Amino acid sequence: MTEIFSIILSSLTIFTLFNGNSKLFNFETNKNIFKKIIISLIISFNIFLFFSFLPNGIDILIYLIFLFVIINLVSFAKNLLNFTFLFFLILNFVIFLQISYNPGLGWDGQAIWYPKAYNFFSGGNVSSLSEFPRSNYPHLGGYIWAIFWKLSFSNYEYFGRFIYVFTFLSSLFFISSYKQNSLIKNFLIIYSIFLICFDLDIFEGYQEYLIFSFLNIYIILHYKEKNQKLLFFLTLLIINITVWIKNEGLIYSFPIFALYILKQKRILSKENLFFFILYSLIIFFRLYFSIIIVGNFNFHGNDFTFNSISNEIFNFSTFQSDFIIIIKHFIISYFKYPIWILLLFFLIFPESRIRSKKIYNDAIAIFIFSFLINFFIFHIQKTEILEWHLTTALDRLNLILSGYFVYFVYCNINNYLDRISIDE
């Protein structure tokens, strides 16, 4: 009973903190609750990153968080009158209970990400990360885990992972927040997308849903946000989040950069130059930090160094066998996360109004990028361990990249349903 009470209190802390209605995060006066939550998440995660570099930063954050929870209580209570928001909270709470029922950690969660969270939870700082395995891996996900672990009213680490669920679901509900559909239609579409993207095992300490969520969030903002200055600001903050969650974020953030640059009327503009400079500084600082902490930068541990890449990239003797193995596991991965099956269907048979829009061409380009970059990542693995790497990592990498396509899938489903209702 005590544990259930603690889960309720921890849930309310998260729900209220990211309610999105405090003056600091309230950029607009519109009634899009989920947009306010998303902006709150983006800014908060960047603030968390800043405090992660400060001595005793997590202790300062605890006081600030409780302050904002108190400030947001009234507006949170008002939002409970919104049916969609209420359903969103219930779905969060159900998954929180699932995690509490089976709080075990997955392999990477236990070996890589939990030690980072424990480091910060127990009073460590970024310098002490070098004492833990895989210290060259970024720490933001572990730091956020530690924050909400410390905020919990119990000593169980799994309370810190609730924020991963909240971020994931916020990004999904954000998809339909701009569309004035009926409640039933929005519910059916979002819940369907939830089912084809959801994997409870990924909440066992893995970081994939964090990057997935922010890729999805950017795509929605890219097509729906009218305020160019706000988009500029949020895009850089989203990139900064993704590169500090996993090393793969350094590569997977590139389509965000490309989409933003190509969105402008003139590619060679002052705004794009400024954006490029800031983007470069984000990447530089991320790499510089890894070199300072670890002494060198290994993208994926000792098996994925610059030396191994240079040796394997021109190894054409095993290319044919590697190609067959990689394609086999790509197909398996696509069936594990059915959003890829829907994506392939809509790329081949897009709804007629979607076919003529920029989002369709962008989806094709990003799909090609996603396939090639993951193919390249595994092609440069040593042949003798290639299948093992594919079995353990490809499905999660493809899950991350599917974040780029959730909104495209949503638009097609929504338009097809519109056509059906019109025909009737």
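The values are calculated or read from the model by the stated rules, or taken from the named source; none is laboratory data. Remember, it's a predicted structure, so these values are computed and weren't measured experimentally. Virtual Cβ from ideal backbone geometry, glycine too; neighbours counted across all protein chains shown. Calculation scope for accessible area: heavy atoms of the full protein, side chains included, ligands and nucleic acids excluded. Shrake-Rupley method; radii C 1.70, N 1.55, O 1.52, S 1.80 Å.
Quick notes
- Residue-level check: of (1) buried (at least 23 other Cβ atoms within 10 Å of the Cβ); (2) assigned to a helix (DSSP H, G or I), Y137 misses just (2).
- Listing of helices (runs of 4 or more DSSP H) fully contained in region 332-384 that carry 3 or more residues being of a type in the set (A, V, I, L, M, F, W, C) and either at negative phi or touching a Lys or Arg at 6+ places or on another chain (Cβ under 8 Å) (or both): 339-348, 358-379
- Test result for F232, open to solvent by 10 Å² or more (accessible area, probe 1.4 Å) and more than 17 Å from Y404 (Cβ to Cβ): yes
- Where helices (runs of 4 or more DSSP H) sit wholly within region 14-115, those with at least 2 residues that are more than 18 Å from the chain's Cα centre (by Cα), at pLDDT 90 or above and closer than 30 Å to F289 by Cα occupy 33-52, 57-79.
- L273 touching a residue at least 24 places away in the same chain (Cβ under 8 Å) and either in a helix (DSSP H, G or I) or within 13 Å of the chain's Cα centre (by Cα) (or both): no
- Residue within region 118-133 that is closer than 27 Å to W340 by Cβ and out of contact with any Lys or Arg (no Cβ under 8 Å at 6 or more places or on another chain) present: no
- Test for L151: is it closer than 26 Å to K336 by Cα and among the aliphatic types (A, V, I, L, M): no
- Residue within region 195-210 that is open to solvent by less than 10 Å² (accessible area, probe 1.4 Å), part of a helix (DSSP H, G or I) and of a type in the set (G, A, S) present: no
- The residues on offer are I43, I33, I70, I65, and the sole one that is over 17 Å from I217 (Cβ atoms) and open to solvent by 10 Å² or more (accessible area, probe 1.4 Å) is I70.
- Close pairs from region 407-419: first in a helix (DSSP H, G or I), partner of a type outside the set (A, V, I, L, M, F, W, C) and open to solvent by less than 10 Å² (accessible area, probe 1.4 Å), Cβ under 6 Å, at least 6 apart: N412/E351; N415/E351; Y416/E351
- Unique residue being within 24 Å of F405 (Cα to Cα) and open to solvent by 20 Å² or more (accessible area, probe 1.4 Å) when the list is L268, L262, L287: L262
- Residue list for region 155-184, filter: over 10 Å from I37 (Cβ atoms) and not in a helix (DSSP H, G or I): N155, Y156, S176, Y178, K179, Q180, N181, S182
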